[in-house]
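The values are calculated or read from the model by the stated rules, or taken from the named source; none is laboratory data. In this text the structure is predicted, and so the values were computed from the model without any measurement. Glycine gets a Cβ as well: all are built from the backbone with ideal geometry, and neighbour counts include every protein chain shown.
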Amino acid sequence: MTLPSTDTAVTYPDGDLTSTGTVLHLEPLADGRTAVVLDRTAFHPVDAVWPDQPADEGTLTAGGRSYAVVDAVVGATDGTVLHVGDAPVRTGTKGWAFVVCHLVDDATGLAEGDAVAVSVDAARRRALSAGHTACHLASLALNEALSGLWTKDVVVDGRGRPNFDQLAITSSRILEGGSVDEYRIGKSLRKKGFAAAELATGLEGITTAVDRVLADWVARAAPVSIVRDGGRLGLGDRRYWRASLPEGAVEIPCGGTHLRSLAELAGVEVRLESTEADGAVVLTMRTTARVA
Ligand SMILES: [Zn+2]
């Protein structure tokens, strides 16, 4: 069996829920499951390097037979071996092909060259997209609400606010209808001029400020899209989330799926919580997206 030399063409960034493709490779895994690699897919896989948005759920259909996709992960190959969900390099690294591995329990009947129809569970995708769109909005609103706590110049976000989100984030998890982001404010962030002590005492006011910004953006029903770098369809090619917010379009690098407009949201709210751990402040932001 030959390994794919090019990335899987992915259509989920455009919101696609179905696609047709050809089986390029079948990789039997140690646990008895099989990774099915297609030339093209609408199925969003989880990326182990930054596992923010979980995999879609859905099926592959070939030869009148349906195969439940029990998981989908980013795979990477340099032509010698296929790493399934444990790539030794970042997605997009040159010299590697990045592929969507659709994991099925039993691939009996599937063969290389088969035509396959991909179908994604629409309700779950929509809930994850709402959660992911709200997550990006909340990160920008948080940057805005914390902008007064910086005493030095640091890297700014697409709206020109100090990019607390980029500088402090340690993990981001997209849920159905929301997200959980964790930030760590340690010595290096304090050295960059962030007034960590004022964060814990001001959480209530910060939460109110974030929610007020979010309510304003949602009310304006701004369009949202995914922009592909150079229009390229490959899984490893860079993509950006773009939202037309009041002061102009804002872009954030993003490999996930999103709503098409903030009009699809009835509201977005956050809950902030801070704890101390090893001399650092850990801030947790729980974002809830209510779908219109
Ligand atoms: Zn994203």
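Please go through the range 237-274 and pick out each residue that is of a type in the set (S, T, Y), out of contact with any helix residue (DSSP H, G or I) (no Cβ under 7 Å at 6 or more places or on another chain) and modelled with pLDDT of 95 or more.
Y240, S261
Output the residues belonging to the range 44-82 that are more than 22 Å from D121 (Cα to Cα) and surrounded by fewer than 18 Cβ atoms within 10 Å (Cβ to Cβ).
Result: V49, W50, D78, G79, T80, V81.
Which of the following residues is under 30 Å from D14 (Cα atoms), in a helix (DSSP H, G or I) and either more than 16 Å from the ligand (Cβ to nearest atom) or not assigned by TED's automatic domain parsing to the domain that holds W50 (or both): V210, V227?
Of V210, V227, the one residue that is under 30 Å from D14 (Cα atoms), in a helix (DSSP H, G or I) and either more than 16 Å from the ligand (Cβ to nearest atom) or not assigned by TED's automatic domain parsing to the domain that holds W50 (or both) is V210.
H258 is checked against (1) out of contact with any His (no Cβ under 9 Å at 6 or more places or on another chain); (2) under 22 Å from R286 (Cα atoms); (3) in a loop (DSSP other than H, G, I, E, B) and fails just one. What number does that condition carry?
In the conditions (1) out of contact with any His (no Cβ under 9 Å at 6 or more places or on another chain); (2) under 22 Å from R286 (Cα atoms); (3) in a loop (DSSP other than H, G, I, E, B), H258 misses (1) alone.
Is there any pair with a first residue in the range 230-251 that is within 13 Å of L137 (Cα to Cα) and touching a residue at least 24 places away in the same chain (Cβ under 8 Å) and a second that is within 12 Å of the ligand (Cβ to nearest atom) and part of a loop (DSSP other than H, G, I, E, B) whose Cβ atoms are under 9 Å apart and which are 6 or more apart or on different chains, and what are they?
Pairs that qualify, where the first residue is within 13 Å of L137 (Cα to Cα) and touching a residue at least 24 places away in the same chain (Cβ under 8 Å) and the partner is within 12 Å of the ligand (Cβ to nearest atom) and part of a loop (DSSP other than H, G, I, E, B), are W241/C254; W241/G256; W241/H258; A243/H258.
Considering (1) away from the ligand (no atom under 16 Å from the Cβ); (2) within 23 Å of Y240 (Cβ to Cβ); (3) buried (at least 21 other Cβ atoms within 10 Å of the Cβ); (4) among the β-branched types (V, I, T), say which one T93 fails and leave the rest.
It is condition (3) that T93 fails.
Looking only at the range 230-255, count every residue that is away from the ligand (no atom under 15 Å from the Cβ), farther than 30 Å from E198 by Cβ and in a strand (DSSP E or B) and tell me the total.
The number of residues fulfilling the criteria is 3.
Applying the selection to the range 192-208, what residues are free of Cβ contacts under 8 Å to residues at least 40 places away in the same chain and aliphatic (A, V, I, L, M)?
Matches in the range 192-208: A197 only.
Just for the range 148-168: of the residues that are in contact with a strand residue (DSSP E or B) (Cβ under 7 Å, 6 or more places away or on another chain), closer than 19 Å to R184 by Cβ and not aromatic (F, W, Y), which one is surrounded by the fewest Cβ atoms within 10 Å (Cβ to Cβ)?
Result: V154.
Would you confirm, using the coordinates I've provided, whether A222 is farther than 29 Å from A55 by Cβ and among the aliphatic types (A, V, I, L, M)?
no
What's the total number of residues in the range 94-140 that are in contact (Cβ under 8 Å) with a residue 40 or more places away in the chain and under 18 Å from the mean Cα position of the chain (by Cα)?
Here the count works out to 25.
Output yes when any residue across the range 12-20 is more than 29 Å from G177 (Cβ to Cβ) and of a type outside the set (D, E, K, R), and no when none is.
yes
Go through (1) touching a helix residue (DSSP H, G or I) at 6+ places or on another chain (Cβ under 7 Å); (2) crowded, with 17+ Cβ neighbours inside 10 Å one by one and return the number of the condition T133 breaks.
It fails just one condition, (1).
Among the residues of the range 144-191, how many are away from the ligand (no atom under 16 Å from the Cβ), part of a helix (DSSP H, G or I), free of Cβ contacts under 8 Å to residues at least 60 places away in the same chain and acidic (D, E)?
Going through the range 144-191 one residue at a time, the tally reaches 0.
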